[in-house]
Amino acid sequence: SSCPREVPVNTVLRYFHYYTAEDRQKYAMKCYARLDGANASACADCPGYCEKACPNGVSARSMLALAHNKLSLFA
């Protein structure tokens, strides 16, 4: 909810988990392509609002940028 560009951070990271950890690449890419609104392409030049808001110190911005690169290959 801290993202001013309204990127659904948890959802994108969940799809990235499907892609990397569960070996469900096509499914993850289809889910990502169906996202309503903003996707993680907005994260490339962001100062990292989600990282500042994360109580666990997760480097979300770099993960989101990587997720976008992987999940949007066939989009």
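Some notes on this structure:
- Pair list, Cβ under 7 Å, 6 or more apart: segment 23-41 residue more than 15 Å from residue 10 (Cα to Cα) and at pLDDT below 95, other residue open to solvent by 100 Å² or more (accessible area, probe 1.4 Å) and assigned to a helix (DSSP H, G or I): none
- Flag if residue 69 is part of a loop (DSSP other than H, G, I, E, B) and modelled with pLDDT of 90 or more: no
- Some residue of segment 17-24 being of a type in the set (A, V, I, L, M) and surrounded by fewer than 16 Cβ atoms within 10 Å (Cβ to Cβ): yes
- Test: residue in segment 38-59 that is small (Gly, Ala, Ser), open to solvent by 30 Å² or more (accessible area, probe 1.4 Å) and not in a loop (DSSP other than H, G, I, E, B): yes
- Filtered residues of segment 47-75 (kept if in contact (Cβ under 8 Å) with a residue 40 or more places away in the chain, closer than 18 Å to residue 5 by Cβ and under 13 Å from the mean Cα position of the chain (by Cα)): 50, 60, 63, 64, 66, 67, 68, 71, 72
- Single residue of segment 1-12 satisfying the filter (assigned to a helix (DSSP H, G or I) and open to solvent by less than 40 Å² (accessible area, probe 1.4 Å)) that is farthest from residue 45 (Cα to Cα): 11
The values are calculated or read from the model by the stated rules, or taken from the named source; none is laboratory data. Not measured: the values here are computed from a predicted model. Cβ atoms come from the backbone with ideal geometry, glycine included; neighbour counts cover every protein chain shown. Accessible surface is based on the protein model in full, side chains and every heavy atom, while ligands, DNA and RNA are left aside. Shrake-Rupley method; radii C 1.70, N 1.55, O 1.52, S 1.80 Å.
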